[in-house]
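Structure record follows, encoded as C-alpha cells.
Derivation of every value follows stated rules applied to the coordinates shown; laboratory data play no part. Model, not experiment: these values are computed from the prediction. FYI the Cβ positions are ideal-geometry reconstructions off the backbone, even for glycines, and counts take in every protein chain you see.
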Amino acid sequence: MGASVPGRASTNEAGIECDVVVVGAGFGGLYALHRMREIGLAVRGIEAAPDVGGTWYWNRYPGARCDVPSLFYSYSWSPELRREWRWTNRYAGQEEILNYARFAADRLDLRRLIQFDTRVAGATFDEPTARWVVETDRGDRLRARFVIMATGGLSVPNTPDIPGVADFAGEIYHTARWPQEPVDFEGKRVGIIGTGSSGVQAIPMIAKAARQLVVFQRTPNFSVPAHNRPLTDEDHRGFDDGLDSYLSSLEQSDFGRVPPTAFTAEVPPRDVQWARYEQLWREGGSGGFLKAFPNILVHPDVNEVCADFVRQKIRETVKDPKTAETLSPSGYPFGVKRLCVDTDYFDTYNRPNVELVNLREEPIEKITANAVDTAARHFDLDALVFATGFDAVTGALLAVDIRGREGATLKDAWSEGPRTYLGLTVAGFPNLFTITGPGSPSVIGNVITNCEYHVDWIAECLTHMRRHDLATIEPDGEAQIAWGRHVAEVADRTLFPKANSWYLGVNIPGKPRVFMPYIGEGYRTTCKEIVADGYRGFRFGGSTRALGEAGK
Ligand code: NA7
C-alpha cells in the first residue's frame, strides 16, 4: 500500500490502479481526498456532478440555505481555511456554501484528483486480490484497496409517482435538481408539493415572484424563525474566542441530540418552558429549541408544551384561522421530524397570491397537462415544483451496485434495513467505508463535522493497517448486530420513532421502517474506545505481502 507519488493513481491496460477510490466530492469526499493523500495513499475521486459541493451543488432552489449557523457549518480541522474564509451571514445561502466548497477544493488542490461528470455504477470486491473493482457509467474501471462512499445522506431526490406526472406540459422542477440558470416565475401560476425544509425555504421566495402559488401540503411541519442577518466583526471575534472550547466539545461528541440527562431530568413548569421558548423564538434557529430542556425530545409532556407554543405562534401570525389550523402540526412530537428553520414562512400565507391546499382533506388524484387535480378541486398551473425530499441516508449507497464477499450485494444485505458497524463499515464488505452512513450520527447535528470525524477515523485505521501490514478490515457480524440493536434502543427511548420521518425511511414506498441515524451521546468516545481496544468488533485479514504488494 502507498504509491510512490502520494495521491496519484496509475493507469495500465487493466484500468486505473490506486489505493483508495472516494465516491462523491461533497464536504466528506473532499476531506477524504485530502486526508488520504496526506497519509501517502494514491487516491482517486469520482463525482457525478461537474463540480464539487455535493448536495450544495444540486440544491440551488430559491431560498436554499443551511439551518446550521455558518460559522459552525465549516471544516473545523483547518486553521488556515478558517482564517482565509469569512462567512457573511448567520445562516449561509446555497451559493455561499458552494463557493466555500470550491474554495476548499482549490486551496487544497483537490480538483486534479477528481473525475467529474462521472457516476459510479458498481463496486465489486475481488477476494483473491483483496481489491475493489469500481466501474463507472463512462466505462472506467478502477482497482483499489479501499472504497470510501462519501455519497451523502441527502443526495437521491424522491419524486413521488403521482398519476399523470409525465403528462405535465408546463415547467417542472425538483428542489434537489434545480437548474443552473435562474428560473423566472414572474406572472406564472406555480404549484409546489411538499412542506419539509426545502418547501418551507422555497415557498416564501416563490410566492414573491409568482403570480399565484398553490402549496400542496400533506403534513404540516414545525418551523422556527431563522432571524438570519449579516455577521458582524463581533460575531466573528466571539466565535474565535470560543473556538477552543467548541473544538474540544466536538471531541467529546457533543453532536448527539439526546443528552444522558434526558431520562432523569424533571419536567419544568409550563410557564418556565413557555418563557424559554419565547426567548428562543426571538433569537431564532433550531439548535436552541432542540436543546431547550434535556428531555424535550424524550418526555411527551415537555415536548407537547413546545408543540403548543409553535401552534400558538402560527395562530398569531396567520390571519385566516382555517389556514392557521391547516398549517399547525399535530399528532406527532415537536423536533423529531427535521425541525424547519424559516424566513417568513407562516407570514407568506397572508399574501393574497398564496393558497394552501390540505391534501389530508383533498388528496391529489392526478396531474394533467396543465393542472393538478385534487379530490375536490382543479388547479391550473404553469409550473410545478416538487419539494418532496430524498431517499435519505441509504439511497445513494444502494444506488451503486455494491458486491462484497462471495458476490453478496449490499441491497440484499440491507433488504430489511441498513446494517452497519458504527455507521462506517458493513460485515461482508471488507475495506468499504460509508461516510456518515446509517447507524452513525450522519444527518443529525452538523454534517460537516460528522464527515470530518469519519474521515479522520478512516485515516487512522488505514495508517494502522499499513503499519501492521494488514490487507483487509471488516466488522464482525456479531459486533454489527449489537451495534444495530444499540442504535435502535437509543432511538426507541426517545420520541423520534413517533413521527413518520425520512429518518425512518417511511417517505419512500417499500423502504424498511428503521431509524437510521445514531442519536445517542458519546459516539466519538465509543469509536475511540473501540480503536484503543484493538479495533474491538473488527476483523483484520491477510497481509499485503501475501497479495504480492510488498514494496508498492
Ligand atoms: P422532506 O423533509 O422529506 O419533505 C418532503 C415533503 O414532501 C414533505 O412535506 C412530504 O410530506 C412531502 N411529500 C412527499 N411525497 C409526497 C406526496 N406523494 N404527496 C404529497 N406530499 C409529499 O424533504 P426536504 O427536501 O424538504 O428536506 C430534506 C432535508 O434536507 C431536510 O430535513 C434538511 O435536513 C435538508 P410528508 O411529510 O411525507 O407527509
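Positive end of the dipole of the chain (Cβ unit charges, origin at the Cα centre): among ALA292, PRO157, VAL267, the Cα lying farthest that way belongs to PRO157. Take every Cα pair under 8 Å whose residues are at least 6 apart in sequence, average their separation, divide by the length of segment 297-355, and the relative contact order is 39 percent. Taking the centroid of alpha carbons for each part, segment 369-414 and segment 285-356 are 27 Å apart. Distance between the pseudo-spin-label points of GLU186 and ARG229 (7 Å out from Cα toward the beta carbon): 3.2 nm. Across the chain, Cα pairs under 8 Å and at least six residues apart give a relative contact order of 19 percent.
About its Cα centre, segment 320-446 has a charge dipole of approximately 640 debye under the convention of +1 per Lys or Arg Cβ and -1 per Asp or Glu Cβ, with nothing else charged. In a reduced charge model with +1 at each Lys and Arg Cβ and -1 at each Asp and Glu Cβ, segment 218-292 shows a dipole moment near 580 debye about its Cα centre.
Annotation note: GluC sites (Glu not before Pro) in segment 259-343 located in DSSP loop regions with a Cβ neighbour count of at most 14 within 10 Å are GLU266. Indicate the gyration tensor shape class of segment 211-346 (rounded, prolate or oblate), computed on the Cα atoms with a ≥ b ≥ c the square roots of the eigenvalues: a/c under 1.5 is rounded; otherwise a/b larger than b/c is prolate and the rest oblate. Since a/c reaches 1.5 but b/c is at least a/b, the shape of segment 211-346 is classed as oblate. Taking the Kirkwood radius as Rh and the Cα radius of gyration as Rg, the chain has a ratio of Rg/Rh equal to 0.97.
Separation of segment 448-492 and segment 45-107, taken as the distance between their Cα centroids, equals 26 angstrom.
Toward the positive end of the charge dipole of the chain, with +1 on the Cβ of Lys and Arg and -1 on the Cβ of Asp and Glu, the farthest Cα among ILE444, LEU462, THR525 is that of LEU462.
Under a model in which nothing but the beta-carbon of Lys, Arg (+1) and Asp, Glu (-1) is charged, the chain shows a dipole of about 300 debye around its Cα centre. Taking every DSSP helix (H) stretch of at least 4 residues in the chain, weighting each as -39,500 (n - 2.57) and dividing the sum by the residue count yields a mean residue ellipticity at 222 nm of -9000 deg cm²/dmol.
Phi angles of segment 297-311 translate, via the Karplus equation with coefficients 6.51, -1.76, 1.60 and θ = phi - 60°, into HN-Hα couplings of 9, 10, 9, x, 5, 5, 4, 5, 5, 5, 4, 4, 4, 5, 4 Hz per residue; Gly and Pro are given as x.
Proximity of backbone amide H atoms, modeled 1.01 Å from N, is registered between VAL426 and TYR421, LEU432 at under 5 Å, excluding neighbours fewer than 5 places apart on the same chain.
On a 0 to 90 degree scale, rounded to 10, what angle separates helix 523-532 from the longest Cα axis of the chain? So the inclination is approximately 10 degrees. Once the Cα-Cα distance is subtracted from the 0.36 nm per residue extended length, the GLU362 to ARG86 segment shows a gain of 94.6 nm. Decide, for segment 403-550, between rounded, prolate and oblate: order the square roots of the alpha carbon gyration tensor eigenvalues as a ≥ b ≥ c, take rounded if a/c falls under 1.5, and otherwise choose prolate if a/b is larger than b/c, else oblate. Here segment 403-550 falls in the prolate category.
In loop segments of segment 118-152 as defined by DSSP, the trypsin sites (Lys or Arg not before Pro) with at most 15 further C-beta atoms inside 10 Å of their C-beta are ARG119, ARG138. Over the Cα atoms of segment 165-236, each weighted equally, I'd like the Debye log10 I(q)/I(0) at q = 0.22, 0.24 Å⁻¹, rounded to two decimals. With no solvent term, the Cα-only Debye profile gives -1.11, -1.24. A dipole drawn for the chain from +1 and -1 charges on Cβ atoms has a positive end, and of VAL357, GLY242, GLY187 the residue lying farthest that way is GLY242.
For ASP342, nonlocal amide neighbours, meaning residues 5 or more places apart or on other chains whose placed amide H falls under 5 Å from its own, are VAL224, ALA226. The label-point distance for GLU460 and GLU95, in a model that sets each label 7 Å from Cα toward Cβ, rounds to 4.1 nm.
Of the trypsin sites (Lys or Arg not before Pro) found in segment 188-240, the ones in coil according to DSSP and having at most 12 other Cβ atoms within 10 Å of their Cβ are ARG211.
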